[in-house]
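Have a look at the structure below, then the notes.
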Amino acid sequence: MRLAVALAALVPVLAAASPAVVKPPSRIDAVTVYASSARVERVARLELPTGAARVVLQGLPDGLDDDSIRVRGEGAAKARLFGVTVERVTGEGAMAAEARAAESELERLGDEDRALDDRIAAAKARARFVESLRSSYSEERAKNLAVRGVSAKEWAELVSFVDAELARAATEQRAAERARRELARKVTQARADLDKVQAKRAVTTKAVAVELEAERGGAFELVVSYTVAAAGWRPIWDARLAPETSIVELSFLGSVWQASGEDWSDVRLSVSTAQPSRGLYVPRLDPVYLTKVAPRPPSRLVPMSPRSAGSPPPAMAADKSVARQEEPAQELETPQAAVQEGLLAATFTAPRRESVDGAGQPRKVPLARFPLKATLVRTAAPRAEAAAFLTAKAVNETGFPLLAGDAGVYVGEDFAGRAPLPFTPAGGELELAFGQDARVEVDRKVLERKHETAGLVSKDDLYRYRVRVSLKNRYATPVAVKLLDLVPVSREEKIAVKILDGTTAPTREDPERPGVRIHELTLAPREERVVELRYEVRAPCGFPVAGLD
């Protein structure tokens, strides 16, 4: 008796100690995508009971990083967080109920199909019976025609009855066949659904259990964030030059992909320039010790097998419709992303909620437009190609770095081609090429190429050159031109290079490319300018010189 009383007293205590298990539905609300990973925020809204509770969020991807899970929440309930656990759930157990439902639906549709087949068979049998009834009645009346004649009214009633019954049977058969065709589509969909469920049985997911204790129950919003590795983004650019205003407008898009296994549907999507996968470290230098090199043993040459290089992984037509006269035509607007500038990175949040499927299909999201004031220059290197190329230089005044990416290049509305846009830090200088400018003509001619022997005692080979470059501006406005020319540079003491009188002095020389001379010119409207280069190369007679024109 005392044992029974003790057990009865213990039951409420055990019940109070066992936390209530709550499995609320949840959805992905926000995602921040990095170069090779993504941070996912999943939200669950629930009624939190008073006391201990174990809130379980199910169906999370197996590839999430367990150590990256973070939990926060708020609401009318006053609760404390005591712990988080992660459980792997095999697809077989998770999909059992869904598979049974799909199989039951397929069985129900099969029963319905058999019922329709019975309706069609009954309609056909009815038609055969009416036909046989008409034949037997006609034969019987024909045999007894001498005994009692058949009136016209009787024949009319017979014909009407037969026609009505046949029409009724045919209508019933057609209706059943239409229903069966519609049912066949449902059966196909049900089989596809079952196949999806069967495929999911091989998928393993994770469940996150959050241990809470509520001093006061009530409505509560729980946010669980985690990192997945199977995701990333890359920048895509459009660079559009307006020559009349010297403005380069950079349109910034993000190509986002993810293969985490869960769809990001209607989420607040952000892309970040941060690279958390790089790791955090401070570089250091280790000492370098110089020692005597030990002689190497002779080695045999092994032929190398060739390796094939790996390969890395239509615009909408403009509306030509005429606007109504009372309403001015409106240009298509591109909303801007919200930009959050941090100390080491910038984050762009898309102007509307976006969806990205979990199968790896890229989603291009427009993010921002940056108009940059540019300096236009025509760059010509006639030694390589007799043409002038339009380039634009601009300072990155956006306040954050411009990431390297592929850019579609436009001059006005004309597509000029594609070019790489280099990484440009905030405040750095960006230079973009916009293609050949045919209205700045470049012509290079070698007027003199002479070889002779000079010297009284020791003979030298003397090579003398005279090169003329002519530039013509076909514009009605001034044009800035950067002309690149080249003088050979000697790497041998016995070879001497000398610039001769009559050479046009350059503006400066390229410090990174010996021998490259830069002429920075401004051509007036319709002006033609000539630049000359005269030089000689001297070497001992018979000394072979490579690199001469």
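Any read-out appearing in this document is the output of simple, stated calculations on the displayed coordinates, not a laboratory observation. All of these numbers come straight from a predicted model, not from anything done at the bench. In this analysis, Cβ positions are derived from the backbone assuming ideal geometry, glycine residues included, and neighbour counts consider all displayed protein chains.
The table below gives the values:
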| quantity | calculated |
| --- | --- |
| Amide proton proximity set for GLU527, modelled H, under 5 Å, gap of 5+ | ASN473 |
| Debye log10 I(q)/I(0) for the range 440-540, one point scatterer per Cα, at q = 0.10, 0.20 Å⁻¹ | -0.36, -1.03 |
| For the range 354-504, with +1 on Lys and Arg beta carbons and -1 on Asp and Glu, the positive-most of ALA394, THR477, LEU462 along the dipole | LEU462 |
| Ordering of 370-381, 502-513 by burial proxy (mean other Cβ atoms within 10 Å per residue, highest first) | 370-381, 502-513 |
| Highest-first arrangement of 166-177, 462-473, where packing means the average Cβ count within 10 Å | 462-473, 166-177 |
| Relative contact order (%) - criterion: Cα under 8 Å, at least six apart; region: the range 440-540 | 37 |
| Nearest-0.05 FRET efficiency for ALA426 and ALA101, computed from C-beta distance (R0 51 Å) | 0.35 |
| nm² value of the averaged projected area, convex hull over the Cα atoms of the range 333-463 | 15.9 |
| Calculated FRET efficiency for the pair LYS124/SER36, C-beta based, R₀ 51 Å, to 0.05 | 0.20 |
| J(HN,Hα) series, the range 516-526, from Karplus relation 6.51 cos²θ - 1.76 cosθ + 1.60, nearest Hz, glycine and proline x | 7, 10, 10, 10, 9, 10, 10, 8, 5, x, 6 |
